[in-house]
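Visitor: Quick one: structure below, then a few questions.
The values are calculated or read from the model by the stated rules, or taken from the named source; none is laboratory data. Just so it is clear, the structure is predicted and the values come from calculations on it, not from any experiment. Using ideal geometry, Cβ is built from the backbone for each residue, glycine included, and neighbour counts are taken over all protein chains shown.
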Amino acid sequence: MGKPSFSHNGVVYTMLHMSTLFPDPAYQRTELLDTSRCRKISLDWDWRALTPLKVVKRGKKYAILDGLHRFVAAQLRFPDGNISLPAIIIKCDDIKKEADVFIKSSTNSKNLTANSIFKAMVTRGDRAARSVVRTLRQRGISIAYGRGRMSPNQTKCPAAFLDAYRVTGSRRFGLLADVIRQYERPDRNDNTIETEALKSVFVKGLAAFLAGAIDRPDAEVKRGLQNGWSAAEVMDWVHAKEDGRTGRSTRNALVVNALGHSFEKGLRP
């Protein structure tokens, strides 16, 4: 590393050779890389418009916290790799703090997805995010972060699961994961869990119902739901009750009411 051009409060502004830079897959979104965006940056390369990368030192190299697309674009533009890029070196004590900086520095990025933030939260040690991963893993559900086709028992929407977790709490989140497949898409046979399903009014209502039924035993709630109506019947009931009101909060309330009827029906002999 050459002489820094500026240093203030533990932050160093400098130029770093390409060979010293690398993305850390523990929290960086390498599998979600937008290659078309990288090619565009490469074709339109302009040193005057290049925003510095944000990096942290790891031994003799530097892990990229922010600027992955710019880094890959530079690799495309300069295949011999014999260049240096402007960078901001940030001091971090461990990878969890690096992930924290990644989240903070990328919060306002239009290209950062909720799943990318979730992945960094897991690395950072966020309790809720890790609980989601652990609960899904216990039920044989793995998270697929890439763009390709999902395998059975995979989901690409951990962030949507996290939203549901925040409603149900840790105790009832496992129950939601247990019953969601039967309720949401009974017509599917590939055992994958789609983002659209988890963001549906039905699932939001289901999470709210489980949170509201916290005083009932888990086994009783699960039995009542499993023996009650199907998801289609719940939504048919909701549509029948609607009187022109189409607000999400109204539909959520109707779903909760319908699930209450479903629950009581399922408990009856």
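Visitor: Is it true that some residue in segment 238-252 is surrounded by 13 or more Cβ atoms within 10 Å (Cβ to Cβ), out of contact with any Leu (no Cβ under 6 Å at 6 or more places or on another chain) and modelled with pLDDT of 85 or more?
Guide: no
Visitor: While we're on this one: Just for segment 60-104: of the residues that are touching a residue at least 60 places away in the same chain (Cβ under 8 Å) and assigned to a helix (DSSP H, G or I), which one is surrounded by the fewest Cβ atoms within 10 Å (Cβ to Cβ)?
Guide: If we take residues in segment 60-104 being touching a residue at least 60 places away in the same chain (Cβ under 8 Å) and assigned to a helix (DSSP H, G or I), then I95 is surrounded by the fewest Cβ atoms within 10 Å (Cβ to Cβ).
Visitor: Name the residues in segment 183-204 that are at pLDDT below 65 and more than 18 Å from the chain's Cα centre (by Cα), would you?
Guide: Listed by number, the residues that qualify are Y183, E184, R185, P186, D187, R188, N189, D190, N191.
To keep it simple, each residue is scored yes or no on (1) assigned by TED's automatic domain parsing to the domain that holds K222; (2) at pLDDT below 75; (3) more than 13 Å from the chain's Cα centre (by Cα); (4) surrounded by 16 or more Cβ atoms within 10 Å (Cβ to Cβ).
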position: R134; (1), (2), (3), (4): no, no, yes, no
position: R149; (1), (2), (3), (4): yes, yes, yes, no
position: F161; (1), (2), (3), (4): yes, no, no, yes
position: R166; (1), (2), (3), (4): yes, no, yes, no
position: R172; (1), (2), (3), (4): yes, no, yes, yes
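Visitor: Which number in (1) at pLDDT below 90; (2) outside any helix (DSSP H, G or I); (3) not aromatic (F, W, Y) marks the one condition that R37 misses?
Guide: (2)
Visitor: Follow-up question, since we're still on this one. Pairs please, first residue from segment 255-269 and buried (at least 20 other Cβ atoms within 10 Å of the Cβ), second anywhere and part of a helix (DSSP H, G or I) and β-branched (V, I, T), Cβ atoms under 8 Å, 6+ apart in sequence or on different chains.
Guide: That search, which allows pairs on different chains as well, returns V255/V201; V255/V234; V255/V238; A258/V234; A258/V238; L259/V234; S262/V234; F263/V221.
Visitor: Return the residue satisfying two criteria in turn: it lies in segment 216-231 and is aliphatic (A, V, I, L, M) and surrounded by 13 or more Cβ atoms within 10 Å (Cβ to Cβ), and of such residues it is farthest from F202 (Cα to Cα).
Guide: Looking at residues that are aliphatic (A, V, I, L, M) and surrounded by 13 or more Cβ atoms within 10 Å (Cβ to Cβ), I get V221.
Visitor: Could you tell me how many of the residues in segment 14-34 are at pLDDT 90 or above and farther than 17 Å from V72 by Cα?
Guide: Residues flagged as at pLDDT 90 or above and farther than 17 Å from V72 by Cα within segment 14-34 amount to 1.
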